[in-house]
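Q: Could you have a look at this structure, given as structure tokens, before my questions?
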Amino acid sequence: MRARRILLELFDAALRAVDGRECVARFLRTAKLPAPIEVFAIGKAASAMARGAIDALGPVIGNILVITKDGHVDPELMRRGNVTLIESAHPVPDERSLAAGAELVARVRALRAEVLPLFLVSGGSSSLVEQLNDGATLEDLRALNVRGLAAGWNIATLNAERARLSQLKAGGVARLLGRRRALALFISDVPGDDPNVIGSGLLGPGLLEPESHGDAIERHVVANAGAAVRAVADAAHAHGLTFESLAAPFDGEAADVAHRFVDVLRASSADGVVWGGESTVTLPAMHGQGGRNTHLALAAARLLRAGEPLLILAAGTDGTDGPTSDAGAIVDAGSLERAELAGVDVERAFLKFDSGPVLEAAEDLVHTGPTGTNVGDILIGLKQTATSMGDHRASRVL
């Protein structure tokens, strides 16, 4: 179907615009950094960001530490003798998270005076790397993450609770550096692009002591959801489509976001709508398989009327939707019927947060694998009747 292909092309344009390797390399090529440099890359996009640093800085880099999610390691890094790769746990931390935290702390403390530390931080860092406060246990940390994810806590609430247990959250690495000069580059998956929130604030100013007079870390966000949204609108223009870009990021319960998005798409005079943000889900004690994007997509599919010519993509820019290996899904007015014909009880699955099997049966799931970025989630809605248009009308932002 041409409309579905166009949606995937628009999503791909978003991913390319915020690619961790390219965005880091672009920044560093003009940064004029002094050698020698040691690199610390942490998060779901850590491998791609580290590749970007290597592209731009090459031989001036000494050691490179990459801490990332299982399955997100770039094979090219395995062939480099100066790279230490640690695959860790996400979204719920485990013993590897503590081991990764210990390695990070040891390396920061051992930095030679002449070395400039370069930190590359993306979403997912909160679970991947940790060092606990005295008296806190791994079970405390795991229970907190499970409770917060199940309850649909927003990122501010979750980070505040994590900081109570952690030596690294809320500026812990900044405190380790003291007044030492450092550069920190961020791929942001949070509203406002606040370094105190990205990765639970590992490299944020955090809670520095008043007498410290601040730190000497130079901080820059090199990619965010806004860039991804703009790329979708630009790519839509290349297809001859008008698109509305919703400026304020979405948040809140996935089903509520689905209602708002479908309403905006129906009311829009444009050919499509794009929106970036991150929803939440409040899970029952017993729940099925899926993530917030597949639940949002299924909620949207339930709202579409028979024959309504709307197509909606809901996907995570990191290529994973919660604990699944799916990025998300593309749904239309026939999604529920396709799933039901395959023998799935759609309503029961929706109530049980079991969206994965429904959308798999409907053949609506989107798979990308690790993408090398993480700027939150993207919603793209397209009116299928518009996909045959060829006039290059301008995109506009609401």
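The values are calculated or read from the model by the stated rules, or taken from the named source; none is laboratory data. What you are looking at is a predicted structure, and each value in this text was computed from that prediction instead of being measured. Cβ coordinates were reconstructed from backbone atoms using ideal geometry, including for glycine residues, and neighbour counts include every protein chain displayed.
Q: Taking Ala235 as the residue in question, decide whether it is in contact (Cβ under 8 Å) with a residue 24 or more places away in the chain, part of a helix (DSSP H, G or I) and on the phi < 0 side of the Ramachandran plot.
A: Yes: the conditions hold for Ala235.
Q: Same structure again: Any residue in segment 160-170 that is outside the structural domain of Pro323 (by TED's automatic domain parsing), in contact with a Leu (Cβ under 6 Å, 6 or more places away or on another chain) and either of a type in the set (Ser, Thr, Tyr) or on the phi > 0 side of the Ramachandran plot (or both)?
A: yes
Q: Could you say which residue among Lys32, Lys44 is charged (D, E, K, R) and in contact with a Pro (Cβ under 8 Å, 6 or more places away or on another chain)?
A: Going through Lys32, Lys44 in turn, the sole match is Lys44.
Q: Condition first: small (Gly, Ala, Ser), farther than 18 Å from Cys23 by Cα and either surrounded by 24 or more Cβ atoms within 10 Å (Cβ to Cβ) or touching a strand residue (DSSP E or B) at 6+ places or on another chain (Cβ under 9 Å) (or both). Now tell me which residues in segment 104-123 satisfy that.
A: Of everything in segment 104-123, nothing turns out to be small (Gly, Ala, Ser), farther than 18 Å from Cys23 by Cα and either surrounded by 24 or more Cβ atoms within 10 Å (Cβ to Cβ) or touching a strand residue (DSSP E or B) at 6+ places or on another chain (Cβ under 9 Å) (or both).
Table: residues versus (1) at pLDDT below 95; (2) closer than 17 Å to Leu310 by Cα; (3) among the aliphatic types (A, V, I, L, M).
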residue: Val221; (1), (2), (3): no, no, yes
residue: Val257; (1), (2), (3): no, yes, yes
residue: Leu265; (1), (2), (3): no, yes, yes
residue: Thr282; (1), (2), (3): yes, no, no
residue: Met286; (1), (2), (3): yes, no, yes
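Q: Moving on to the next point. Give the residue that is modelled with the highest pLDDT, with candidates limited to residues of segment 37-63 that are surrounded by fewer than 14 Cβ atoms within 10 Å (Cβ to Cβ) and of a type outside the set (Gly, Ala, Ser).
A: Out of the qualifying residues, it is Val60.
Q: Based on this model, can you work out whether Gly81 counts as of a type outside the set (Phe, Trp, Tyr), free of Cβ contacts under 8 Å to residues at least 12 places away in the same chain, surrounded by fewer than 20 Cβ atoms within 10 Å (Cβ to Cβ) and not in a helix (DSSP H, G or I)?
A: Spelling it out, Gly81 is indeed of a type outside the set (Phe, Trp, Tyr), free of Cβ contacts under 8 Å to residues at least 12 places away in the same chain, surrounded by fewer than 20 Cβ atoms within 10 Å (Cβ to Cβ) and not in a helix (DSSP H, G or I).
Q: Please identify the pairs in which a residue from segment 329-357 that is not assigned by TED's automatic domain parsing to the domain that holds Ala285 has its Cβ atom under 7 Å from the Cβ atom of a residue that is not in a loop (DSSP other than H, G, I, E, B), counting only partners at least 6 apart or on another chain.
A: Qualifying pairs under 7 Å: none.
Q: Among the residues of segment 5-32 satisfying the criterion of being more than 23 Å from the chain's Cα centre (by Cα) and in contact (Cβ under 8 Å) with a residue 24 or more places away in the chain, which is surrounded by the fewest Cβ atoms within 10 Å (Cβ to Cβ)?
A: Arg29
Q: Being surrounded by 22 or more Cβ atoms within 10 Å (Cβ to Cβ), under 19 Å from the mean Cα position of the chain (by Cα) and modelled with pLDDT of 90 or more is the requirement here; does Ser166 meet it?
A: The answer is no for Ser166.
Q: Going through segment 160-197 one residue at a time, which ones are within 16 Å of Asp251 (Cα to Cα), in a helix (DSSP H, G or I) and not acidic (Asp, Glu)?
A: Pro191, Gly192
Q: A further question follows. I'd like the full set of residues that are part of a strand (DSSP E or B), crowded, with 20+ Cβ neighbours inside 10 Å and either free of Cβ contacts under 8 Å to residues at least 60 places away in the same chain or of a type in the set (Phe, Trp, Tyr) (or both), limited to segment 238-265.
A: Phe243, Phe250
Q: Sort out which residues of segment 84-103 are surrounded by fewer than 18 Cβ atoms within 10 Å (Cβ to Cβ), part of a loop (DSSP other than H, G, I, E, B) and free of Cβ contacts under 8 Å to residues at least 40 places away in the same chain, and write them in order of number.
A: Matches in segment 84-103: none.
Q: Across segment 266-298, what is the number of residues that are surrounded by fewer than 20 Cβ atoms within 10 Å (Cβ to Cβ) and more than 16 Å from Asn154 (Cβ to Cβ)?
A: Selection size over segment 266-298: 10.
Q: Return yes when Ala301 is surrounded by 22 or more Cβ atoms within 10 Å (Cβ to Cβ), within 19 Å of Arg338 (Cα to Cα) and touching a Ser or Thr at 6+ places or on another chain (Cβ under 8 Å) and no when it is not.
A: Yes.
Q: If you don't mind, there's one more thing I want to ask. Out of the residues in segment 33-78 that are of a type in the set (Gly, Ala, Ser) and assigned to a strand (DSSP E or B), which is nearest to the chain's Cα centre (by Cα)?
A: In this case the residue turns out to be Ala41.
Q: So, Lys32, is that one within 23 Å of Leu111 (Cα to Cα), of a type in the set (Lys, Arg) and either touching a strand residue (DSSP E or B) at 6+ places or on another chain (Cβ under 8 Å) or assigned by TED's automatic domain parsing to the domain that holds Leu128 (or both) or not?
A: Taking the combined requirement at face value, the residue satisfies it.
Q: Being buried (at least 23 other Cβ atoms within 10 Å of the Cβ) and in the same structural domain as Asp70 (by TED's automatic domain parsing), is that true of even one residue in segment 174-181?
A: Yes, segment 174-181 contains at least one residue that is buried (at least 23 other Cβ atoms within 10 Å of the Cβ) and in the same structural domain as Asp70 (by TED's automatic domain parsing).
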